[in-house]
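Enquirer: Can you keep this structure in mind? I'll have questions shortly.
The values are calculated or read from the model by the stated rules, or taken from the named source; none is laboratory data. Here the structure is a predicted model, which means the values were calculated and not measured. Note that we place each Cβ from the backbone using ideal geometry, even for glycine, and neighbour counts take in every protein chain shown.
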Amino acid sequence: MPNAWIVAASLLLLVLLSVEHSHGILLSARDASQFLRQRQRRANHIFEETKQGHLERECVEEQCSKEEAREVFENDPETDYFYPRYLECNRRYRMLNRKDPLTTCIHNIPDQCSSNPCRRESTFGCIDLHGDFFCLCKPGWTGKNCSTDVDECATENGNCSHICHNKPGTHQCSCFGGYRLHANSRLCLDIDECTESPNICGTAQCKNVRSTYVCLCDEGYNYDVVTKSCLDINECEEGRCEQSCVNTPGSYSCHCDGRGGVKLSQNMNTCEDILPCISFASEKSRNSLYLGRMFSGAPVIRLRFKRKQPTRLVAEFQFRSFDPEGVLFFAGGHQESSWIVLALRNGRLELQLKYNGIGRVTSSGPVINHGMWQPISVEELERNIVIKVNKDAVMKIAVSGDLFTVEKGLYQLNLTVGGIPFKSSELIQPLNPRLDGCMRNWNWLNGEDTSIQETVGMTEKMQCFLVAGRGSFFTGRGFAMFHIDYTYPSKEESKGNWRVEFHAQIIPATDTGVLFALVSQDMAVTLSLALIDYHSTAKIKHQ
């Protein structure tokens, strides 16, 4: 057996040298290992030289039977392949006593490479295995005949950072916009536009971000792409001030007319009365809808419109809030169909929309959670959604469908106010749906629905207070409680000093009441701060 392995190894070396000489290449480790696995199955067979001698003696000099041919090849696959072709050679040449053609015909039968079974363009060479053949594939090709292209992109994306393009016998990497291909033809490197083009932002600050860049301006300025400069924002045109407004470079200031008995409030935008003491403004408006009634964030109003003809959404209302985040209204079909959600985020309008399974989020316009009434409109035009604040368009978004969906021959639309009909986590960009704000003068689909006004007018819980301020606390018996643990982390620190600071601005409506108290776990009151009536009613009124 060792001698047989030595002879087989020598034969392999001769075959490899022959392939190298004919094609000018050396087999890779992968190709050589493939060939060795094929040859190992024949390692203990009769060697090729010996077999050729047996073949000459048994089947060329004399006519052999299939059993005699089986003794030459010592296996069924080669015998089954050889013998039918051997009979054909005998029929063509032995009967005519043509020895040389007969010998050539018989000796060529076991050569499986004679028919060129390997694909020439993708093969280094063919190795005859006598009853089978082995094609030495070039890199990038595989298969019995080396005719199957290896899809390098299917494995780890062909080691490409971004895009892999499979090509016959090879592959090629490419990059997304804003990137360039590394010298290794695999990695994609971000292009630093700010470094390569120092004046790309003009006088603004250039900041490189992934795949692109942004031009930044100081607060109070907007970047102008035409002049490549930072232009002052005229905040006065956005209606931020309740009375007069003075625009300054990068900022603005509001002013209130003290002759009218008002002064600038703490938010520096609105005006408030100059009064030594005021009572709670607990009166409610029958014409306003409170959006934050449902603490769970569920809608406070649900409507369903059905039309026989194609219809587009038209929504108009006035809105007031100090809350920076929450949902104004939802319009559309179910969660998987086309819909829009108009909401507040960081005090600005945000529109989340989904058409044909593709979701987007757009935010624009001025900060509107300053507590003043402002008209807002949303109109569905042909392939556009237009949103206006104070009659000025702040958003115009191109869409690829309609909000009304056809069901049972009717055009239908779901509309919810103050919430959404599905979980907030299923939004494109989750937010807190509950909005502490008020809505009035609403107009859905050009005033076709009047049921909301009737419902709000009869339900006081759905109505807003006539007067509201940032952080207002209205009449009631409620109170705010905060559980704070002052446990020391170690015994060494238990003797240290600690303190509690309490800051508040108050406008008392009564002369008696607790403002602040510290209560221990056993409900003992350690500290209490309260208002006590030490003055007569007449003196308070005089003040």
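Enquirer: Considering each of Pro375, Pro366 in turn, give the residue that is surrounded by fewer than 20 Cβ atoms within 10 Å (Cβ to Cβ) and in contact with a helix residue (DSSP H, G or I) (Cβ under 9 Å, 6 or more places away or on another chain). Even if it seems obvious, please write down each step before you answer.
Expert: Values: Pro375 fails: in contact with a helix residue (DSSP H, G or I) (Cβ under 9 Å, 6 or more places away or on another chain).
Of the residues listed, the single one that is surrounded by fewer than 20 Cβ atoms within 10 Å (Cβ to Cβ) and in contact with a helix residue (DSSP H, G or I) (Cβ under 9 Å, 6 or more places away or on another chain) is Pro366.
Enquirer: If you don't mind, another one. List the pairs whose first member sits in region 380-406 and is without any contact (Cβ under 8 Å) to a residue 40 or more places away in the chain, whose second member is surrounded by 13 or more Cβ atoms within 10 Å (Cβ to Cβ) and not β-branched (Val, Ile, Thr), and whose Cβ atoms are under 7 Å apart, counting only residues at least 6 apart or on separate chains?
Expert: Once the first residue is without any contact (Cβ under 8 Å) to a residue 40 or more places away in the chain and sits in region 380-406, its partners that are surrounded by 13 or more Cβ atoms within 10 Å (Cβ to Cβ) and not β-branched (Val, Ile, Thr) give Asn384/Lys396; Val386/Glu379; Val386/Ala393; Val386/Lys396; Lys388/Ser377; Lys391/Pro375.
Enquirer: Can you find even one residue in region 236-257 that is closer than 29 Å to Ile200 by Cβ, at pLDDT 85 or above and of a type in the set (Lys, Arg)?
Expert: No: region 236-257 contains no residue that is closer than 29 Å to Ile200 by Cβ, at pLDDT 85 or above and of a type in the set (Lys, Arg).
Enquirer: Hey, does region 126-138 have a residue that's exposed (fewer than 13 other Cβ atoms within 10 Å of the Cβ) and either out of contact with any Ser or Thr (no Cβ under 9 Å at 6 or more places or on another chain) or within 30 Å of Cys153 (Cβ to Cβ) (or both)?
Expert: In the first step, residues of region 126-138 are kept if they are exposed (fewer than 13 other Cβ atoms within 10 Å of the Cβ); the result is none.
The answer is no, given that none of the residues of region 126-138 is exposed (fewer than 13 other Cβ atoms within 10 Å of the Cβ) and either out of contact with any Ser or Thr (no Cβ under 9 Å at 6 or more places or on another chain) or within 30 Å of Cys153 (Cβ to Cβ) (or both).
Enquirer: Can you tell me which residues in region 383-420 are polar (S, T, N, Q) and surrounded by 14 or more Cβ atoms within 10 Å (Cβ to Cβ)? Talk me through it step by step, then tell me what you get.
Expert: The initial filter retains those residues of region 383-420 that are polar (S, T, N, Q), namely 384, 390, 400, 405, 412, 414, 416.
Of everything in region 383-420, those that are polar (S, T, N, Q) and surrounded by 14 or more Cβ atoms within 10 Å (Cβ to Cβ) turn out to be Asn390, Thr405, Gln412, Asn414, Thr416.
Enquirer: Output the number of the condition that Gly169 fails; it satisfies all remaining conditions of (1) surrounded by fewer than 17 Cβ atoms within 10 Å (Cβ to Cβ); (2) on the phi < 0 side of the Ramachandran plot; (3) not hydroxyl-bearing (Ser, Thr, Tyr).
Expert: Result: Gly169 fails condition (2) only.
Enquirer: Pick from Asn116, Asn97, Asn90: which is modelled with pLDDT of 80 or more and assigned to a loop (DSSP other than H, G, I, E, B)? Write out each step before concluding.
Expert: Working: Asn97 fails: modelled with pLDDT of 80 or more; Asn90 fails: assigned to a loop (DSSP other than H, G, I, E, B).
Going through Asn116, Asn97, Asn90 in turn, the sole match is Asn116.
Here is a yes/no grid of residues against (1) surrounded by 15 or more Cβ atoms within 10 Å (Cβ to Cβ); (2) not in a helix (DSSP H, G or I):
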position: Tyr223; (1), (2): yes, yes
position: Thr227; (1), (2): no, yes
position: Cys230; (1), (2): yes, yes
position: Asn247; (1), (2): yes, yes
position: Arg259; (1), (2): no, no
position: Lys263; (1), (2): no, yes
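Enquirer: To continue, here is another question. Take the conditions assigned to a strand (DSSP E or B), among the hydroxyl-bearing types (Ser, Thr, Tyr) and surrounded by fewer than 17 Cβ atoms within 10 Å (Cβ to Cβ) and apply them to Ser253. Does it pass?
Expert: Values: assigned to a strand (DSSP E or B): yes; among the hydroxyl-bearing types (Ser, Thr, Tyr): yes; surrounded by fewer than 17 Cβ atoms within 10 Å (Cβ to Cβ): yes.
Spelling it out, Ser253 is indeed assigned to a strand (DSSP E or B), among the hydroxyl-bearing types (Ser, Thr, Tyr) and surrounded by fewer than 17 Cβ atoms within 10 Å (Cβ to Cβ).
Enquirer: Would you confirm whether or not region 444-456 contains a residue that is among the aliphatic types (A, V, I, L, M), at negative phi, outside the structural domain of Thr311 (by TED's automatic domain parsing) and modelled with pLDDT of 60 or more?
Expert: No, region 444-456 has no match at all.
Enquirer: It is to be established whether one or more residues within region 294-317 are hydroxyl-bearing (Ser, Thr, Tyr), in a strand (DSSP E or B) and modelled with pLDDT under 95.
Expert: Restricting attention to region 294-317, the residues satisfying the condition of being hydroxyl-bearing (Ser, Thr, Tyr) are 296, 311.
Subsequent filtering for residues that are in a strand (DSSP E or B) retains none.
Scanning region 294-317, I find no residue that is hydroxyl-bearing (Ser, Thr, Tyr), in a strand (DSSP E or B) and modelled with pLDDT under 95, so the answer is no.
Enquirer: Also, I was wondering about something else. Show the residue pairs meeting these rules: Cβ distance below 6 Å; 6+ apart or different chains; first residue within region 333-348 and part of a loop (DSSP other than H, G, I, E, B); second residue of a type in the set (Phe, Trp, Tyr).
Expert: Hits for this filter: Gln335/Phe422; Ser338/Tyr355.
Enquirer: How about region 148-205: which strands (runs of 3 or more DSSP E) wholly inside it have at least 1 residues that are touching an Asp or Glu at 6+ places or on another chain (Cβ under 9 Å)?
Expert: Working: elements: 163-167, 170-174, 179-181, 188-190.
So the answer is 163-167, 170-174, 179-181.
Enquirer: Six or more apart or on different chains, Cβ under 7 Å: which pairs go from a residue in region 69-96 that's in the same structural domain as Phe133 (by TED's automatic domain parsing) to one that's surrounded by fewer than 16 Cβ atoms within 10 Å (Cβ to Cβ)? Could you list them?
Expert: From residues that are in the same structural domain as Phe133 (by TED's automatic domain parsing), the pairs are Thr79/Lys66; Tyr83/Lys66; Asn90/Gln63; Tyr93/Pro101; Arg94/Gln63.
Enquirer: Taking region 296-336 as the region of interest, how many residues are of a type in the set (Phe, Trp, Tyr) and farther than 20 Å from Leu427 by Cα? Spell out the reasoning first.
Expert: We begin by selecting, within region 296-336, every residue of a type in the set (Phe, Trp, Tyr); these are 305, 317, 319, 322, 329-330.
From the residues that got through so far, the ones that are farther than 20 Å from Leu427 by Cα too are 305, 317, 319, 322.
Within region 296-336, residues that are of a type in the set (Phe, Trp, Tyr) and farther than 20 Å from Leu427 by Cα number 4.
Enquirer: When Ile420 is evaluated against the numbered criteria (1) part of a strand (DSSP E or B); (2) under 30 Å from Ser285 (Cβ atoms); (3) among the β-branched types (Val, Ile, Thr), which criterion, by number, is the only one it fails?
Expert: It is condition (1) that Ile420 fails.
Enquirer: Further question: Determine the pairs where a residue that is among the β-branched types (Val, Ile, Thr), located within region 509-538, has a partner that is at pLDDT 55 or above and loosely packed, with under 10 Cβ neighbours inside 10 Å with Cβ atoms under 6 Å apart, the partner being 6 or more residues away or on another chain.
Expert: Thr526/Ser520
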